[in-house]
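Attaching a single structure in structure tokens format; questions to follow.
Readers should treat all values here as calculations from the given coordinates under stated rules, not as data from a laboratory. Predicted model, so just to flag it, every value in this text is computed and none were measured. Neighbour counts run over all protein chains shown; Cβ positions are idealised from the backbone, glycine included.
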Amino acid sequence: MVARFIGVPPEASRLRKSSEQIMKGVVMDSTPEEKKSAVANPREALIAILDEARKSLSNGSGGADGNGEPAERIYNVREAGEFLRYKSSYIYELVKRGDLAAIRHGKYITIREGAIRDFISRNERRGE
């Protein structure tokens, strides 16, 4: 699935700010030799920026809910079917039976990632 954004996604602006801070830290707070090294070796500066971005995304600070936890993904019926490897018609049946928790709004049905994971854990069988 391709994510489409109108404008700049919030993660991009946060990463841009963090990369600028890293570059300022490398260039502004460094000795003259370190400044020359940073300018002469942009590859290392880029690696430092990417490492910082990876750390900030892996610690959950990229969440959209404001409390530092990653936002929970919401799937439509087709995406939930792809995730579970079921046909969309079977996803509709699971929702209708109440086996898979869903959010209904008019004709639209969406399913939280947590509901899908709960469904998997309830129906997982090991060695029976």
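How much net charge surrounds residue 77 when only the other residues with a Cβ under 12 Å from the Cβ of residue 77 are counted, with Lys and Arg +1 and Asp and Glu -1?
Cβ neighbours under 12 Å give a net charge of +2.
From Cα pairs below 8 angstrom and at least 6 apart in sequence, can you work out the relative contact order of segment 74-123, rounded to a whole percent? Walk me through the intermediate numbers first.
Numbers: 48 pairs, mean separation 18.7, N = 50.
This gives 37 percent for segment 74-123.
Let me ask another. Just the Cα atoms of segment 87-128: what Rg and Dmax do they give in Å?
In Å, with Rg to one decimal and Dmax whole: 11.5, 41.
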